[in-house]
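Inspection log for the structure reproduced underneath, given as structure tokens.
The values are calculated or read from the model by the stated rules, or taken from the named source; none is laboratory data. Bear in mind that the values here come from a model prediction, so they are computed numbers and not experimental data. These area figures cover heavy atoms from the full protein model, side chains too; ligands, DNA and RNA do not enter into them. Shrake-Rupley method; radii C 1.70, N 1.55, O 1.52, S 1.80 Å.
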Amino acid sequence: MEGDELTHFRRVLRERRQALLDEGDVPIERIRKDPSEVGGDEDEQPLTEMSQALASSRNRARAAELKQVEEAISRLEADPEMFGLCSTCEEPIARRRLEAMPHARMCVACQSVVEDPVKRGPRKKLTDFV
Ligand SMILES: [Zn+2]
């Protein structure tokens, strides 16, 4: 990739990284231990645990995306010509896919094979034809 497209995706990736950094981690509510804070509502505890679980899974997803975006920025700077090409088949990744997910490393076809090996179907063995 080169020229305007490269400039475009460099900007998109940097903005995404900044947005993720600005967003920061969702604060995880502590479970109240002070007896004076505990009211008569016994249903409150499970709710707090659920919101903790939600917050921590949100934080994990954010950290994972940030890592992918940073990797994409490094790839783009290290080897701009290869940016936007599938890391597996080296065909160009569809522009609309890159717009939606500028850190994508693989084209849709290769990605679907990685994510769902079942789609590859059974390996043909010589004995299948006997
Ligand atoms: Zn591919």
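Table for the structure above
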read-out: Amide H contacts of residue 85 (H built 1.01 Å from N, under 5 Å, at least 5 apart or other chain); value: 93
read-out: Gyration tensor verdict on segment 51-113 (Cα atoms; rounded if a/c is under 1.5, prolate if a/b is larger than b/c, oblate otherwise); value: prolate
read-out: List 73, 28, ordered by accessible area with a 1.4 Å probe, largest first; value: 28, 73
